[in-house]
1. Work out how much length residue 177 to residue 306 would gain on full extension: take 0.36 nm times their residue separation and subtract the Cα-Cα distance, in nm to one decimal.
2. Could you tell me whether the range 220-313 comes out rounded, prolate or oblate from its Cα gyration tensor? Rule is a ≥ b ≥ c as square roots of the eigenvalues, rounded for a/c under 1.5, then prolate if a/b exceeds b/c, otherwise oblate.
3. What 222 nm value per residue comes from the helices of the chain, counting each DSSP H run with n ≥ 4 as -39,500 (n - 2.57) and dividing by all residues, nearest 500 deg cm²/dmol?
4. Can you sort 173, 294 so the residue with the fewest Cβ neighbours within 10 Å comes first?
5. Which order do 106, 114 fall in if you start with the one that has the fewest other Cβ atoms within 10 Å?
6. Going 7 Å from the Cα of residue 96 toward and past its Cβ, which residues in the range 39-83 have a backbone nitrogen under 17 Å from where you end up?
7. What's the exposure ranking of 154, 234, going from fewest to most Cβ atoms within 10 Å?
8. Taking a label point 7 Å from the Cα of residue 156 along the Cα→Cβ vector, which residues of the range 90-107 have an amide N closer than 13 Å to it?
């Protein structure tokens with residue numbers, strides 16, 4: 001191969017890498033309606049997960065939003081900016097206590113329940129002209145029939161969404177036994193999985209970082225190599241908030257900086273968080289591993305200045 005040919009090949013590879021990062025790499029932001037749509041940094045986001053729609057106690061019907069005015073304003077504004085909007089269904093606190101997911105269990109155990117849930121969800125999607133559904137069933141259990149019921153539910157919901165050009169995603173735990181409640185058989189029915197690589201301070205009582213860079217490395221290895229998740233369906237979760245010990249949620253990133261913390265650091269006054277350096281390094285890790293993108297909890301936690309974590313993600317992708 002001549003030097004000229006070698007240089008051409010290198011240039012082609014660099015261009016291909018850049019195209020991958022810019023075109024296929026997603027920045028998914030969970031959004032609670034306490035930020036006006038006009039204040040959303042659409043230029044730094046590809047997907048918004050509106051949080052949350054809550055199933056009724058029977059599990060098979062979505063409870064109407066108390067106030068849907070924000071969602072009605074948000075969707076056309078997002079679409080105008082090339083951003084897709086999903087509805088996140090469920091969440092940790094769906095009304096029966098933290099992590100109590102009995103509503104999902106009861107619904108998914110019967111074909112009738114699953115069909116009713118899918119109809120209610122699709123009615124919601126059509127009503128607000130949404131682009132997809134993010135299933136926040138936290139969590140199907142590896143030692144229970146719910147793991148198989150989850151597959152049946154996702155298969156039919158995926159088909160209903162794709163029929164109208166929509167997508168199905170899910171929020172899942174970072175690693176460990178509970179992650180096996182998401183069986184490999186469900187992967188074909190998921191456009192991607194949002195891996196919640198944070199809140200890793202469970203277990204020991206001593207104060208420790210809930211989302212260090214090393215946790216991102218470990219969790220990516222777990223999902224790609226132990227759980228055989230295709231890299232393009234793996235989206236790395238990033239926290240925009242601090243924790244001060246197990247179960248003690250601290251400041252948002254914005255509040256930390258307002259209180260005097262440095263945007264460069266990951267620790268301040270007992271609070272562990274991800275500053276701009278760690279967010280940039282995790283984003284680059286996701287790019288290097290050719291993951292589907294990164295996910296953020298939660299949009300309102302960020303600043304709107306030069307220290308913005310969304311800006312850090314965007315600049316890392318574009319460099």
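No lab work stands behind these numbers, since they all come straight from the coordinates. If you're wondering where the values come from, they're calculated on a predicted model, not measured in any experiment. Positions of Cβ are generated from backbone atoms using ideal geometry, with glycine treated the same way; all protein chains shown enter the neighbour counts.
1. Working: separation 129, 0.36 × 129 = 46.44 nm, distance 3.98 nm.
Between residue 177 and residue 306, full extension yields an extra 42.5 nm.
2. Numbers: a/c = 2.48, a/b = 1.74, b/c = 1.43.
Taking the square roots of the gyration eigenvalues as a ≥ b ≥ c, the range 220-313 is prolate.
3. Numbers: 9 runs with 111 residues, N = 319.
After summing the helix terms and dividing by residue count, I get -11000 deg cm²/dmol.
4. Numbers: 173 19, 294 27.
Ordered by Cβ neighbours within 10 Å, fewest first: 173, 294.
5. Values: 106 15, 114 21.
Fewest-to-most Cβ neighbours within 10 Å comes out as 106, 114.
6. 53-63
7. Values: 154 25, 234 22.
Fewest-to-most ranking of 154, 234: 234, 154.
8. Output list for this probe position: 107.
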